[in-house]
Amino acid sequence: MNDTPRTPIETLLMAKEIAKDVGLEYVYIGNVKNDNSTYCSRCNELLIKRDYYSSRVLNLDTNKSTCKTCGEIIKGVWK
């Protein structure tokens, strides 16, 4: 698809907000410089810091799948 222009970042951000507005908790935009980190849906604590292709677990108890700050269950596979 080299003859098709890239989707503008503004369009991607709008799609992300629409997804969150309809109830999706963890929505990410890939392959762009953007804040794709994971925040707790209850207390907004930064759980997983993402930057391009690297990620770092910060405030997520991966054994219990919970936020270390408030105990909210964070759905996912962490091992």
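Number of Lys-Lys pairs in the chain with C-alpha atoms under 24 Å apart and a separation of 8 or more places or on different chains: 15.
Scanning residues 5 or more positions from S37 or on other chains, those with amide H under 5 Å from its amide H are R50, with H placed 1.01 Å from N in the peptide plane.
Calculate, in nm to one decimal, what K68 and A19 gain on full extension: separation in residues at 0.36 nm each, minus their alpha carbon distance. Please report the intermediate quantities before stating the final value.
Details: separation 49, 0.36 × 49 = 17.64 nm, distance 2.58 nm.
So the extension gain works out to 15.1 nm.
Residue-wise HN-Hα couplings along segment 27-44, as the Karplus relation 6.51 cos²θ - 1.76 cosθ + 1.60 with θ = phi - 60° gives them from phi, are 10, 10, 10, x, 6, 9, 6, 7, 7, 9, 6, 9, 10, 5, 6, 8, 10, 6 Hz; Gly and Pro carry x. May I ask you to list the GluC sites (Glu not before Pro) in segment 1-65 that are in a DSSP loop and have at most 14 other Cβ atoms within 10 Å of their Cβ? The qualifying sites are E25.
Just so you know, all these numbers are worked out from the coordinates, no wet-lab data involved. Small disclaimer: the values here were computed from a predicted structure and weren't measured. Please note: Cβ atoms are built from the backbone with ideal geometry, for glycine as well, and neighbour counts cover all protein chains shown.
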